[in-house]
Every structure is written in C-alpha cells, then in structure tokens.
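Scroll down for the structure; my scribbles are underneath it.
The values are calculated or read from the model by the stated rules, or taken from the named source; none is laboratory data. Everything numeric in this text was worked out from a predicted model, so none of it was measured. Note that we place each Cβ from the backbone using ideal geometry, even for glycine, and neighbour counts take in every protein chain shown.
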Amino acid sequence: VHVLGCVGELSGGAFRITGASLSDDGTRLAACTYTGLWVYHADKKMSPAELIKTEPWSLTHDMSVEAAGFKGDDLILTNERRDIFKLSPWWYEQGLDLPPRDIQSIFKHEEDIYPDLAEMETQSYRDMGVLIDGCQVVLLAEDMDARLTWPLDIPRSDRYTFSAILTRGPEYGRVQLYVDGQPAGEPQDLYAEKTAVGSWVPLGVPSVTRGYHELTLYVVGKSEQSAGYKVGIDSYHLQPASPFAKQFHLIGPFDKKNPDDIDTPLPPEKDPDLADSFTGIGGKKITWKPTETRDDALLRIGEAFPEAPRYAVAYALTYAYSKNARLADLLVGSDDQVAVWVNGKEVHRNNVGRGAFPDSDIVPCELNAGWNKVLCKIGQSGGGWGLFLRFNDPDGSLKYGLKAEE
C-alpha cells in the first residue's frame, strides 16, 4: 500500500483528485477525478514529487472514478457504484478516452449475429499486433452492400444515441447504421493509414419503440485510399438521448428528522407555490430560488446550500412539456434519497444512500398534454447532494422550463 501525502502541485492544472496510486517500480503515478485520469511517468524510479512534474498521459471518462491502483503496469479503476475497470498501458499511453459505462460486447450476440454477402470471423487483437486483450468480430466484406446484423431488445420507447467501438485501418470501409432495415445515421468512414482498434464511433440517434429490433451495419462504400471494405466491431453502446431537466426552482435546506429516509412530510409537498416562504434549518426564512445546472445536467444541491448540515432535505421544482398525454418513463438519479411528484401525485420514492448517476431509477408515470409540474424531494446523508431528472422522449418534443408557458 502506498500512502501519498502532500507532495506538490500536479503539472497540467489544478484538479479535485478523487484517487491516486504509485506503481510498484516508482515510474508511474496515476491521479483520477470524476471525469479525468492522468498518468505521470518516467523511464526510471522517481519520487512522487518529481513524477508529478512530468508531462502526463491524460484521458477523459464519465465513470466518476473514485480510486485507482496499479497491478503491474495495468491500471485498475473503481467508482462509487463499485464498477471495476482495467486499463492496459496500451490504452492509457495513447490517451484514448474511456468509453461510457454499460458498453455491450458484440459477443453477447455470438449465437444471433449473422453476416450477409460476406464471411465473418473472430479476430484477436494480439494477432493483429495490438498489445491488449480482447477480440473483434470482423466482416470480411469484398464489396458494397455486405452487412452484419444482430437483434437487440430495447427496454423502452425513446430516442437513443447508438455508438460502437470499431476498428479503423487501411483495409476498412465505410459503414452506416440501419434499424429494422431503415437508415438511422450518416455513413462513417473507417479508413486509417495504420490499424487503430478501440475507435469510438457515433453512428446515429434513432427513435426506437420498446421491444426487439434488428441493428445492421451496412457497408456503403470505401474511401479511395482504402484497400478494402472490412468492418470490425468490438462492442456497442445504446444511450438514451432524451434531454435532461436543467432548470429548477430550489428551496432548502430543511431539517431531516430521520437520517435514513425522507418520509416525514414537509410544507412544500402541499401544492407548492413559488411565492411561498418557509422556515428552514435554524429558524431561517427560506424561499424558492431559480437555478440552472451545468452542461452535465447534475443539479448540485450541495453547492446551493454549502452551510447545510450532514442531514438535510431540499426540494426542486421544474415543468415538463409533453405534446400528448401519455404513459412516460421517469428517469432519476439522486444523491441521496429521492421522492417525485408529477402534477401533485407521488410517482416515486427511494430511501437510498448513493451517489448521483443518471437514470438510476426508472419508473412509469403519466404525463398530461401540455405542461406538467414536477416536484422532487432530495435527502442528504453526507457527502454529495444532487439530482438528475428526465423523462423518455420518443418523438423528440419534450422540453423543460421554470414555468408553464403559454
């Protein structure tokens, strides 16, 4: 176990470090934050104070990494959800951004994936001369119109960003995503002078209904420089593309009667009016205040109430517009406990201690045509305090606001 004390300021800027580790041979030091990773390195053993002055390999991620540790030169990362990520030196030495969470291996469809107008084979990265473990499925296309198809069970109707980890190289062609035989994005050219595995390629944002669908990678051509039409896929990622609520009215902090739940009713739950004021912690008069999240859509309640005690409660109010009355899916991530009312009706409650990740809870609810009042109650049990909120948006019409506009 390496104990890293205060050894100096990292080169490359100031970061809020969540974890750090020194390799056994003293030649590498990793420092991570919730969104980034830096690996400082040298050809010989150095002290941590010397290492952090070197130029690091750096990469970004969305995994909220909290801890890092070396196993040889491999780097092991973990986050608050206790997901485990293993990075080979080949990956972090090139500074490749980490793919998002919930990557799905193409090999989970090994019995269902099928080629058309071309042969298909499994190819090891090491056999390709790339020093990382793993394999890809290769479509050995020799002309246009060859394709690779596999089934996918979509959990709910929504718009989705579909991306894949594909290989680029001198023999690779141009591909396009199709869903159920219909184009769902723009063609993507996979030609490169040198073979590069692990390329993160956005393929399209289709609107897809709940149930089984067929995803297809069509070979639609190749660049003039390419020597072939090959397609190589490692894995894919399906991410809801519905917008998050980013504007809220916020009020708090209120006293939390029980550290483990938010079940004690408080005045804002009774037909909230933005003109109302209440008595908060310490007898302080509190009122609703408009606030807006950063680009990541996390409502940082702790920043709004920096003097709040370890145990507290806050309320956040927003409005969601739906073109039609419909049964919707509410997607919530919270730190910590959360309850949600839609148009005055409680639709969700989860007395849980956790960090905030998007879409941690998914629950059905009804949205009216027009504007819907959405009230959230968020409990604090120490550490972070925040909220992610959105509804599924299959037709692309959903929007949010601070008031019910005409």
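In segment 173-209, what count of residues is obtained for those that are in a strand (DSSP E or B), under 22 Å from Q225 (Cα atoms) and without any contact (Cβ under 8 Å) to a residue 40 or more places away in the chain? Matching residues across segment 173-209 total 6. Of the residues examined, A325 is one that is surrounded by fewer than 16 Cβ atoms within 10 Å (Cβ to Cβ) and modelled with pLDDT of 95 or more. Taking segment 323-382 and the strands (runs of 3 or more DSSP E) fully enclosed by it, the elements with 1 or more residues that are under 21 Å from I251 (Cα atoms) are at 326-335, 338-342, 345-350, 370-381.
Is it fair to say Y125 is modelled with pLDDT of 95 or more, of a type in the set (F, W, Y), surrounded by 19 or more Cβ atoms within 10 Å (Cβ to Cβ) and not assigned by TED's automatic domain parsing to the domain that holds S397? Against the criterion (modelled with pLDDT of 95 or more, of a type in the set (F, W, Y), surrounded by 19 or more Cβ atoms within 10 Å (Cβ to Cβ) and not assigned by TED's automatic domain parsing to the domain that holds S397), Y125 does not qualify. Report yes if some residue within segment 146-163 is touching a residue at least 24 places away in the same chain (Cβ under 8 Å), on the phi > 0 side of the Ramachandran plot and more than 27 Å from the chain's Cα centre (by Cα); otherwise report no. Within segment 146-163 (the criterion being touching a residue at least 24 places away in the same chain (Cβ under 8 Å), on the phi > 0 side of the Ramachandran plot and more than 27 Å from the chain's Cα centre (by Cα)), the answer is no, since none of the residues qualifies.
Residue by residue, here is whether (1) buried (at least 19 other Cβ atoms within 10 Å of the Cβ); (2) of a type in the set (S, T, Y) holds:
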{"position": "D153", "(1), (2)": "no, no"}
{"position": "D158", "(1), (2)": "yes, no"}
{"position": "S163", "(1), (2)": "yes, yes"}
{"position": "G173", "(1), (2)": "yes, no"}
{"position": "G181", "(1), (2)": "no, no"}
{"position": "A184", "(1), (2)": "yes, no"}
{"position": "P187", "(1), (2)": "no, no"}
{"position": "K194", "(1), (2)": "no, no"}
{"position": "G198", "(1), (2)": "yes, no"}
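The selection criterion, being part of a loop (DSSP other than H, G, I, E, B), free of Cβ contacts under 8 Å to residues at least 24 places away in the same chain, out of contact with any Lys or Arg (no Cβ under 8 Å at 6 or more places or on another chain) and of a type outside the set (A, V, I, L, M, F, W, C), does not hold for K53.
Within segment 214-260, work out how many residues are within 18 Å of I281 (Cβ to Cβ) and either among the hydroxyl-bearing types (S, T, Y) or touching a Gly at 6+ places or on another chain (Cβ under 7 Å) (or both). Counting residues in segment 214-260 that are within 18 Å of I281 (Cβ to Cβ) and either among the hydroxyl-bearing types (S, T, Y) or touching a Gly at 6+ places or on another chain (Cβ under 7 Å) (or both) gives 4.
Contact map, segment 1-30: first residue within 24 Å of E80 (Cβ to Cβ), second residue surrounded by 12 or more Cβ atoms within 10 Å (Cβ to Cβ) and at pLDDT below 55, Cβ cut-off under 6 Å, separation 6 or more or different chains; pairs are A20/L4; L22/H2. Residue check: is D271 assigned by TED's automatic domain parsing to the domain that holds Y311, assigned to a loop (DSSP other than H, G, I, E, B), surrounded by 14 or more Cβ atoms within 10 Å (Cβ to Cβ) and not hydroxyl-bearing (S, T, Y)? It is false that D271 is assigned by TED's automatic domain parsing to the domain that holds Y311, assigned to a loop (DSSP other than H, G, I, E, B), surrounded by 14 or more Cβ atoms within 10 Å (Cβ to Cβ) and not hydroxyl-bearing (S, T, Y).
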